[in-house]
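Step one of this worksheet: look at the structure below.
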Amino acid sequence: MGRSRFTIGPGGMVYVIVAALILIAATYTQANLLYWSFGLMVGGVVVSVGYAILSLGSVEVQRLMPDHAVAGEELVLRYRVHNRNRWLPVFNLVVEETWGRSWFWRRRGGPLKEVPRRLAGAPQGWVMHLGPNQMVQAQARCWPLRRGRLVFEQIILSTAFPFGVIRRSVRFHQEGQLTVYPRLFRVNRAIWHRLALADPAGHLLVDRGGGTEDFYGLRRYLPGDSMKSIDWKHSAKIGQIISREMTQASPPRLMLVLDLAGAKPEALPSPASMPGVDAQIEADWDLNDPVERAISLAASVLCGAHLHGYQIGMIVLGMPVAVFRIHHSLPHRSRMIESLALLGLVDHHDGPGHLAIEPTMVVHPGQTSRPWSVRRCLVLDARFMHEHVRLPERGVEELLGRHAEVRSKRRRLMSTGGWT
Amino acid sequence: MILLFRRLVFVQVLLGIMSFCMAEQNPELLLMAGALAAMSWYVAEGPTGRPLPQWVILPAAMAAVAWLFVELWWSRSQVDTDQLVRAMGHFTIWLQVIQLYAPKANRDYALILVLSLLQMVGACVLSVALVFGGLLAVYCVLSLFTVLLFQLKLTSDHVLLLTQRSAPPGTTVERSKAVMGRGVTGHFRWTAATLGLVCGGVALVFFLLWPRSSRLEVNPGAVDTGMRQVGFSSQVQLGVATGLSSSNRTPVLNMQVWREDRKVGDHGQIWRLRGAVLDHYEPTTKTWGRGRWVQSRDVSATLPPSGLELGTHPAGQPIWQADLSMRQSSMPNLFTLFPTTLVQGANFRTLTVNFIDQQMVLSGHETKAAAYRTIWVQDRQAGGPRTANVIQEEADKTDHTDYARRWPVHRVQMRRLVEQVLARAGLQRDPDALSTPQDEQVAIALTQFLQQPPFVYSTQPSSLAVAGDPILHFLTQGRQGHCEVFASALVALARSAGLRARVVTGYLAHEYNGLGGYYVVRQSDAHAWTEIECGSRGWLTFDPTPTQSLPTSAQGLPRWLYWFNQAYEHLEYTWLSTVVAYDKETRQAVLGGMGQSFRQATQGQNTWSARAIGWIKQQIQDWRFDLPGSILLGVSLTGILLALATLLRILIKRRRRIVALQLTRLPTKQRRQLARRLGFYLTMLDMLDRHGYYRPAWQSPFGFAKELTESNPMRFGPVLTLTEHFYEIRFGHRDLDPIRKKTIKAHLSQLEYNLGQRDVSPQAPGILHQRVN
């Protein structure tokens, strides 16, 4: 258990003022019932102090975190709170995350702390009751604003029970971190349609046996072959057992290139420059930034493609990120998203000097490092992100910034006379 | 929780309104405000209710403020504390009623609670009656729960608000379900009860110890009706043209009566406690007071510990004594029963006494509420008692034969009236004769004349509002008046007949409380009567006030009602004497008594503690052991103490086992048996707990064992086996035979060995209950 603190909040001030009024009335009128009332209020202060001293002494808390979160989506932090006291229940317990060393200087609205800019506010949870020797799980909700690594430092347990006069707070130093994925959107169907058209392979089958799809050829029976695969007609003709071989199915493939090489160097994300400060504090970008939009769009496309059964791979140009070869698995997708989440925040090994694989899709923030052929691959400009993804109906302005250029499909259709 | 809180606030507001209206004794306001407040639940809070809009609420609040100013303006001529408190109370009532109809945020609830509290403070200023005290107690209990729930609601709302603020725009954040452990209701009640008791204890200590000035006059339940309140006065003014009100039920004193060391008391039995003796009537001011000659005979006396003797108690007469405790320190007169032979003061030493009329007054510097004992002669026979005042009085007669004899107003008319009255009774008396054998019959005849129609008891002032002498007007025309008028008229008639007579004011003690064994005397029991000297029998008491107006016995009530009345009176007396009347003097007396008790307990010779300490010292002195004997004694005592400590430890340990194994609901025999047999399971849990594996209360033993085993079968294999043994014994009613005991022991040893080894296997993600140290 960390350091504890007693504070008098606004409720306590009101309590003291009312008690002072009653004392004045009692002194003026000498009415004994008012002395009783004032005595009861003094008793309230006494029990508040006593309860504050006794209540949180035996309470422990442990943070239970998921391994990742998504920017803009709800993150639920869970806390296991255990009251080891055998006799005293705890009521009205607030579990709160805090950062920085300024926790002991409280202001009116709470502790003066450095809430990471990845969060709009410190997560807070509430436990109404925790019996003696009991354990409950509280939860605090928060919404990470930006991608990156979210680091938690301290947990504060506090209670102002019973009368709100005195608040006892205990600080627990528990570090933890999770990766916040870039903001993910649902990719428009038109993108998948265009992607299918732009697929240079255009085949869904691999010219190789071993599958279960179409007929590929005949071969001699090998031990272990299924009885169903035996071609009895040919076997009877030849006089030896012949097996039928079928082609393998090949899922569509997506090799995504995130082209950040064309962006200005100062616009690119960079590691923390301040010594001793976690990189997360430096990551002060939002979706007004075309680079961030490109990263978010790339992550959205990768997730969507994985959901559609694509084998996915990724190359980031302009940033030191490893090449992800084409593969289809959830850990593979998660590694790529995590790589995008931590883009610019952690050092990766050097990126590719040249492209060994033909890209299927290119996502860029507006400036490209080279001219991409729109006939060979699908090129998505992150500046027109609203055309590629389905944005939430409410809060578009806030998500994309006030100066974002929002053009609806209807307006485009009206101006061009059809889909482009 | 929120619904319960809203209900509690609603009830609290209703209770506050009711308390204030009862304290103010304003049934119209209670009916109106109570009905409006009650309706608010259906209008604003009910399932189909909707709060009124702000454009209705704001003008209503402004009207309440305006009404406050109007009320203060109307009562500007008689602005005092009570009037101000009443106006503020009305304002807070209307403001609360308006707030009940308004949409309420937390600050509105806080406003309502503070207004309600201020209203109760105002009610405390207005009244101290027992009923109000009970309402205040209920209000305090209700407030405790309301404030506790409000605190929970505030925190919940605050957390919700912060969560909403941190959510992205357009995101709807709903209130999460409250996280609570098992037994929340019971824990909440117990916590609230404990908090309430501690608060009450602190309040009691604070109440007893907080310094305060002398108490102001308390008037429980008195109503300002514009009439003069009945109460004791050391002079009688007949010319006052105001009526009398007997609503002032402030207790003045309580009295216990003893006859030969046996307590005497009966409801309805009347004792006349005389406080002031008035022998001089001033016709110009129409006022009875004490004559200068009598005042010159006042003597300052110091009370000896055995008491001040005012007369010799006649032999063979039973000793009647009364223990009186004054409840107000502002009253200097001592109240005694006539004729008094002895006065013993409990908490005062000096007083001014007059041996002629036996009026006693505390000395000027004695400001405490007096407690004293008085002994008097109850049944006087002719020529029997020879009290000191009679002796003194006879000596004084030589100097002043006109003491309490002459009547100065309308002598001829009064004399003629007296002759008519006596003639009607077949009596006559020479007005110049000092005494005659028929003096008592004359006094009785005059008394009976006034007690019969057309004379009627009345508290209305009409009979006194005359330009001439009010007594003559009462006797000849008005024939209506209160006790002071009747007493004055009898004195006037008796003096016109040549008898010595004087007016006595004091109290009638008639309200006997069977539970407390004492008479309660209130201000409303104030009375005036007459004392007439009847020859050799001395001064006798005559009360001309018609008997219908005197207090009647309550014995005619149904038995349950009678006892209820007794209990209520006793409770009210206890309430008033211990809570309401607690003042500077009482505080000093309480603290002094506590200090004295402590000193007696620590230093006294006859207290139980001193005797116990002395006994121990004596035993130590008497028991003279040699060295082996002392060692043996020491070893024996140590052994006994160790045995007791071990027994206590076993009991505590067994209790903890029973609780930990959740066996509390089983029969005693079974749970003790199982607690003994299932100890191995707790040993296993402790073992795991030491290594950071904790079983949460919500998880079953099997679930816990399965989770551990799946994470590392080699390491936690014994856990599963031990858990199976647990189930077999707990639910399968298997015995803990030696073979099973041996197996369990082996598994425990194996588990301990396994836990001691370094765990190299990857930690299974399913193990969520590993404690982080």
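The values are calculated or read from the model by the stated rules, or taken from the named source; none is laboratory data. Only a predicted model underlies this, so the values are computations on that prediction, with no experimental measurement involved. As a convention, Cβ positions derive from the backbone with ideal geometry for all residues, glycine included, and neighbour counts pool all protein chains shown. Calculation scope for accessible area: heavy atoms of the full protein, side chains included, ligands and nucleic acids excluded. Shrake-Rupley method; radii C 1.70, N 1.55, O 1.52, S 1.80 Å.
Taking the criterion of being at the interface with chain B (Cβ under 7 Å from one of its Cβ atoms) and open to solvent by 10 Å² or more (accessible area, probe 1.4 Å), the residues of the range A:18-30 that qualify are A:V18, A:A25, A:T29, A:Q30. Got at least one residue in the range B:268-290 being open to solvent by less than 50 Å² (accessible area, probe 1.4 Å), on the phi > 0 side of the Ramachandran plot and touching a residue at least 60 places away in the same chain (Cβ under 8 Å)? So far as the range B:268-290 goes, yes, one or more of its residues are open to solvent by less than 50 Å² (accessible area, probe 1.4 Å), on the phi > 0 side of the Ramachandran plot and touching a residue at least 60 places away in the same chain (Cβ under 8 Å).
Summed over the range B:494-509, residues that are assigned to a helix (DSSP H, G or I) and open to solvent by less than 10 Å² (accessible area, probe 1.4 Å) total 1. Against the conditions (1) more than 10 Å from chain B (Cβ to nearest Cβ); (2) farther than 30 Å from B:A660 by Cβ; (3) not small (G, A, S), where does A:Y15 fall short? Just the number, please. Just one mismatch for A:Y15, condition (1).
For the range B:291-333, the candidate set comprises residues that are assigned to a loop (DSSP other than H, G, I, E, B) and aliphatic (A, V, I, L, M); within that set, the residue that is surrounded by the most Cβ atoms within 10 Å (Cβ to Cβ) is B:L310.
Inside the range B:164-191, residues that are more than 40 Å from the chain's Cα centre (by Cα) and under 21 Å from A:V47 (Cβ atoms) make up a count of 0. Residues of the range B:158-193 that are at the interface with chain A (Cβ under 7 Å from one of its Cβ atoms) and open to solvent by 90 Å² or more (accessible area, probe 1.4 Å): B:R165, B:R182. If the condition is being open to solvent by 10 Å² or more (accessible area, probe 1.4 Å) and at pLDDT 80 or above, then the range A:343-357 contributes no residue at all. Counting only strands (runs of 3 or more DSSP E) wholly contained in the range A:238-330, the ones carrying 2 or more residues that are under 24 Å from the mean Cα position of the chain (by Cα) and at pLDDT 90 or above occupy A:253-259, A:311-317. Restricting attention to the range A:156-178 and to residues that are away from every other protein chain (no Cβ under 12 Å) and open to solvent by less than 10 Å² (accessible area, probe 1.4 Å), the residue that is nearest to the chain's Cα centre (by Cα) turns out to be A:L178. Only one entry of B:V491, B:V520, B:V485, B:V466 meets the criterion of being modelled with pLDDT under 85 and either part of a helix (DSSP H, G or I) or open to solvent by 10 Å² or more (accessible area, probe 1.4 Å) (or both), and that entry is B:V466.
In the set A:Y79, A:Y35, only one residue is at the interface with chain B (Cβ under 10 Å from one of its Cβ atoms), within 41 Å of the chain's Cα centre (by Cα) and among the aromatic types (F, W, Y); that residue is A:Y79. Of the helices (runs of 4 or more DSSP H) lying entirely inside the range B:1-114, those containing at least 2 residues that are closer than 30 Å to B:S176 by Cα are B:2-24, B:81-101. Give me the residue from the range A:105-138 that is at pLDDT below 55 and outside any loop (DSSP other than H, G, I, E, B) and, out of that set, nearest to the other protein chains (Cβ to nearest Cβ). Out of the qualifying residues, it is A:G110. Residue check: is B:V121 more than 7 Å from every other protein chain (Cβ to nearest Cβ) and either exposed (fewer than 15 other Cβ atoms within 10 Å of the Cβ) or out of contact with any Lys or Arg (no Cβ under 6 Å at 6 or more places or on another chain) (or both)? No: the conditions fail for B:V121.
Within 14 Å of another protein chain (Cβ to nearest Cβ) and under 24 Å from the mean Cα position of the chain (by Cα): is that true of B:L149 in this structure?
It is false that B:L149 is within 14 Å of another protein chain (Cβ to nearest Cβ) and under 24 Å from the mean Cα position of the chain (by Cα).
The residues in the range B:640-684 that are out of contact with any Phe, Trp or Tyr (no Cβ under 7 Å at 6 or more places or on another chain), open to solvent by less than 60 Å² (accessible area, probe 1.4 Å), touching a residue at least 12 places away in the same chain (Cβ under 8 Å) and part of a helix (DSSP H, G or I) can be counted, and the count is 10.
If you go through the range B:417-434 one residue at a time, do you hit one that is under 30 Å from B:Q358 (Cα atoms), touching a Cys at 6+ places or on another chain (Cβ under 9 Å) and open to solvent by less than 30 Å² (accessible area, probe 1.4 Å)? The answer is no; no qualifying residue exists. For A:V81, are the conditions met, namely being at pLDDT 90 or above, in contact with a Ser or Thr (Cβ under 9 Å, 6 or more places away or on another chain) and among the β-branched types (V, I, T)? Spelling it out, it is not the case that A:V81 is at pLDDT 90 or above, in contact with a Ser or Thr (Cβ under 9 Å, 6 or more places away or on another chain) and among the β-branched types (V, I, T). For B:L197, the conditions (1) farther than 30 Å from B:H473 by Cβ; (2) surrounded by 14 or more Cβ atoms within 10 Å (Cβ to Cβ); (3) at pLDDT 80 or above; (4) of a type in the set (A, V, I, L, M, F, W, C) all hold with the exception of (2).
Of the residues A:Y35, A:Y15, A:Y28, the single one that is touching a residue at least 24 places away in the same chain (Cβ under 8 Å), in a helix (DSSP H, G or I) and not small (G, A, S) is A:Y15. Out of B:A137, B:A110, one residue alone is open to solvent by 30 Å² or more (accessible area, probe 1.4 Å), within 14 Å of another protein chain (Cβ to nearest Cβ), within 14 Å of B:V9 (Cβ to Cβ) and hydrophobic (A, V, I, L, M, F, W, C). It is B:A110. Just one of (1) open to solvent by less than 30 Å² (accessible area, probe 1.4 Å); (2) at pLDDT 85 or above fails for B:F132. It is (2).
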